[in-house]
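The values are calculated or read from the model by the stated rules, or taken from the named source; none is laboratory data. Treat the numbers as computed from the prediction; the structure is a model and nothing was measured. So basically every Cβ, Gly included, is an ideal-geometry build from the backbone, and we count neighbours across all protein chains shown.
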Amino acid sequence: MEEQEPASELKKTPFYKYNVEAGAKMVPFAGYIMPIQYTGITEEHLTVRKNVGMFDLSHMGELFIAGPGALEYIQKMTTNDASLLEIGQIQYSSMCYDNGGMVDDLLVYHLEDQYMMIVNAANIEKDYEWLKSHLCDGVELYNRSDEYGLLAIQGPNAQKVLEKMSDYDFESLPYYHSAVVEIGGHSVLLSRTGYTGEDGFEIYIPGDLAHDLWRISFDAGRKYDMKLIGLGARDSLRLEMKMSLYGNDIDQTTTPIEAGLAWIVKLDKGDFIARDVLARQKEEKPSRRLVCLEIDGRAFPRTGYELISNGDVVGKITSGTFSPSLNKPIAMGYLPRHLTRIGNRVEVMIRGKTFPATVVKPPFYKEGSHR
């Protein structure tokens, strides 16, 4: 969780009152007051794995890039190859500083006449300033984060809920694609994406449509017993899938190569910020890697707990939880390269006691319904 801020300085999402009315426990997060849980993290987590849940993710940032030089600019600023994107397609990518440290991880949407970047809530201003500092002729950059609400409907029954909301042929929408869809007489941008490992959709909602879209979404989910899901379950869901969280598993001190994200670093696309640094690290192999760990016993691993090998501290946990899906403690952390082989054993120091842990192949949870 982010450091707490005075309540008067926190932003409220367009769905704030609905979250409060639903009994959500509200907490400060990334400059917003957000729902951490409604009925309980474990129950909400399993609802998404087995059925369907709805998240308020309106804290995420929406940055728009337009103009004749937009693609060339995105190619320079991000590590993945945006030239491969067809209209409607989405790509997971990252931005790096000159030394290879990560500015942010993000999604790039190729829309009809522009591109949209979805960035992490805590990084909106930082990302915008970084992009602005490299702006060039023929490129327009807009931060429209405050203009949108974002609802995510996630789980094996997500498509059934969306089919109650719209006549659009959702079966024809592939994973990591977007479309403009008619919902309740409103045209809204919708994507088949998510941060849970399950099938799901994210709906970008102009602020003046928030009331209608919340009501339509909530009503459509009744038939399938859709529940509201907070950020606590979102965190445990993404961890089970080894989806990194900026500020925990990745930040300005880590590179995409170290974080196991070499697949979003396309060295053959041409020049981009930090290309030479990342190419050298990829060739020489990084000195450490982010790994998945399953921990023996019933302990609860937390961020910052030490990882130990042969009595020496060799790393720290970056994210950890007791997995509701697997009923065992799981964690991620960076280990020296010689300790990162699948099956390698280390120890985790938890409240003065050591617990054996095994490096396992990601993701932890392998039965997600995403397509």
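What pairs can you find where one residue is in the range 218-242 and over 15 Å from Gly194 (Cβ atoms), the other is among the basic types (Lys, Arg) and at pLDDT 95 or above, and their Cβ atoms are less than 6 Å apart, with a gap of 6+ or different chains?
Short answer, once both residue conditions are applied: Ala220/Lys164; Tyr224/Lys160.
Filter the range 275-304 down to the residues that are of a type in the set (Lys, Arg), surrounded by 13 or more Cβ atoms within 10 Å (Cβ to Cβ) and under 19 Å from Gly260 (Cα atoms) and list them by number.
Of everything in the range 275-304, those that are of a type in the set (Lys, Arg), surrounded by 13 or more Cβ atoms within 10 Å (Cβ to Cβ) and under 19 Å from Gly260 (Cα atoms) turn out to be Arg275, Lys282, Arg288, Arg289.
Determine whether the range 331-342 contains at least one residue that is in contact with an Asp or Glu (Cβ under 6 Å, 6 or more places away or on another chain) and within 24 Å of Arg234 (Cα to Cα).
yes
Give Asp98, Asp137 a once-over and let me know the one that is in a loop (DSSP other than H, G, I, E, B), in contact with a helix residue (DSSP H, G or I) (Cβ under 8 Å, 6 or more places away or on another chain) and surrounded by fewer than 16 Cβ atoms within 10 Å (Cβ to Cβ).
Matching residue, one of Asp98, Asp137: Asp98.
Given (1) under 28 Å from Met95 (Cα atoms); (2) outside any strand (DSSP E or B); (3) not assigned by TED's automatic domain parsing to the domain that holds Pro256, where does Arg298 come up short, assuming only one miss?
(1)
Mind counting the residues in the range 11-37 that are among the aliphatic types (A, V, I, L, M), modelled with pLDDT of 95 or more and part of a loop (DSSP other than H, G, I, E, B)?
Count: 2.
What are the pairs with Cβ atoms under 7 angstrom where one residue, in the range 261-277, is touching a residue at least 40 places away in the same chain (Cβ under 8 Å) and the other, located anywhere, is among the β-branched types (Val, Ile, Thr) and buried (at least 19 other Cβ atoms within 10 Å of the Cβ)? Sequence gap at least six, or different chains.
Taking only residues 6 or more apart or on different chains, the pairs are Ile264/Thr79; Val265/Thr79; Val265/Ile257; Lys266/Thr79; Phe272/Thr78; Phe272/Thr79.
Name the residues in the range 221-251 that are crowded, with 22+ Cβ neighbours inside 10 Å and more than 22 Å from the chain's Cα centre (by Cα), would you?
Gly221
Among Ile273, Ile330, which is outside the structural domain of Thr254 (by TED's automatic domain parsing) and either hydrophobic (A, V, I, L, M, F, W, C) or more than 29 Å from Leu46 (Cβ to Cβ) (or both)?
Ile330
Can you find a residue that is of a type outside the set (Ser, Thr, Tyr) and more than 27 Å from Leu339 (Cα to Cα) anywhere in the range 233-255?
Yes.
Every residue in the range 258-281 that is part of a helix (DSSP H, G or I), of a type in the set (Val, Ile, Thr) and under 9 Å from Thr79 (Cα atoms), please.
Ile264
Would you mind stating whether Val181 is in the same structural domain as Pro14 (by TED's automatic domain parsing), outside any strand (DSSP E or B), in contact with a helix residue (DSSP H, G or I) (Cβ under 9 Å, 6 or more places away or on another chain) and of a type in the set (A, V, I, L, M, F, W, C)?
Criteria not met by Val181.
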